[in-house]
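Down below is the structure, laid out as structure tokens.
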Amino acid sequence: MIEIAPTAALLLIDLQRAIDHPSWGARNNPNAEARGQALLAAWRASGRRVIHIRHDSLEPHSHYRPGQPLHAFKPGFEPIPGESVVAKSANSAFIGTGLEELLRSSGHRQLVLFGVITNNCIEATARMAGNLGFDTILAEDACFTFGRDDYRGIHRTADEVHAMSLANLEGEYCRIATSEALIHSLSGAS
């Protein structure tokens, strides 16, 4: 059982409508949103801190650019009163934001995170969190990514890309868990 500290913070990363645009291609983890919403509900019920990371792209044609309809949070992941929103324009939630200061000044030493894209913003944020000394846990089944070609031009499925990102992160930067295991820990700890 994973122990979740009473002061742990939940980070929801880039859960915006832009990620549903068909231009991304085929994704994995079709139940990621349902698992993420279940974890979010349990987290909120436990009274722990929730921080929404919102991508504010600087690219003129990005669906993540502020002012675009797809910039909005995905249904079921909208912040509620009392929850923080941290805007970022880089892949890591720590670059160019006040996230680290917010976490440290509030006594959050443990982080649980999920969202999109596993091999981009999730991996970058988890790596930085680990390097900054945060006890970081990734809810892998509440994350998803897309297929892509590797450096040698071989197409890798979304499941393969996701699994490789988890392998890159496990142990050195964070612990990997399922949303169900985290929910179970929350219910046992509250």
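Among the residues of segment 41-91, just one is over 28 Å from Ser106 (Cα atoms), of a type in the set (A, V, I, L, M, F, W, C) and assigned to a loop (DSSP other than H, G, I, E, B), namely Leu58. A single member of Glu101, Glu140 is under 22 Å from His55 (Cα atoms) and surrounded by 18 or more Cβ atoms within 10 Å (Cβ to Cβ), and it is Glu140. Among the residues of segment 76-89, those that are over 16 Å from Arg49 (Cβ atoms), in contact (Cβ under 8 Å) with a residue 12 or more places away in the chain and out of contact with any helix residue (DSSP H, G or I) (no Cβ under 6 Å at 6 or more places or on another chain) comprise Ala87, Lys88, Ser89.
Scanning segment 134-176 for residues that are in a strand (DSSP E or B), within 14 Å of the chain's Cα centre (by Cα) and farther than 12 Å from Leu111 by Cβ gives Phe144, Ile176. If the requirement is being among the basic types (Lys, Arg) and within 24 Å of Arg48 (Cβ to Cβ), which of these qualifies: Arg152, Arg156, Arg175, Arg148? On inspection, the qualifying residue turns out to be Arg175. Counting only residues that are surrounded by fewer than 15 Cβ atoms within 10 Å (Cβ to Cβ) and of a type in the set (Lys, Arg), segment 149-173 holds 1 of them. Just wondering, is there one or more residues in segment 58-65 that are touching a Ser or Thr at 6+ places or on another chain (Cβ under 6 Å), surrounded by fewer than 16 Cβ atoms within 10 Å (Cβ to Cβ) and without any contact (Cβ under 8 Å) to a residue 40 or more places away in the chain? Yes: one or more hits. Kindly indicate whether any position in segment 99-114 is touching a residue at least 12 places away in the same chain (Cβ under 8 Å), outside any strand (DSSP E or B) and touching a Cys at 6+ places or on another chain (Cβ under 8 Å). No, segment 99-114 contains no residue that is touching a residue at least 12 places away in the same chain (Cβ under 8 Å), outside any strand (DSSP E or B) and touching a Cys at 6+ places or on another chain (Cβ under 8 Å). Scanning segment 16-40 for residues that are of a type outside the set (A, V, I, L, M, F, W, C) and in a helix (DSSP H, G or I) yields Arg17, Asp20, Pro22, Ser23, Glu33, Arg35, Gly36, Gln37. One residue stands out in segment 121-133 among those that are of a type in the set (A, V, I, L, M, F, W, C) and within 9 Å of Tyr173 (Cα to Cα): the one that is nearest to the chain's Cα centre (by Cα), namely Ala126. Just one of (1) assigned to a loop (DSSP other than H, G, I, E, B); (2) under 26 Å from Ala181 (Cβ atoms); (3) in contact with a Leu (Cβ under 6 Å, 6 or more places away or on another chain) fails for Ile2. It is (3).
Only one of the numbered conditions (1) of a type in the set (Ser, Thr, Tyr); (2) under 20 Å from Arg127 (Cα atoms); (3) surrounded by fewer than 20 Cβ atoms within 10 Å (Cβ to Cβ) is violated by Ser84, and that is (2).
No value in this document is a laboratory result; all are computed from the given coordinates. All values reported here derive from a predicted model rather than from experimental measurement. When we count neighbours, we look across all protein chains shown, and the Cβ atoms used for this are built from the backbone with ideal geometry, even at glycine.
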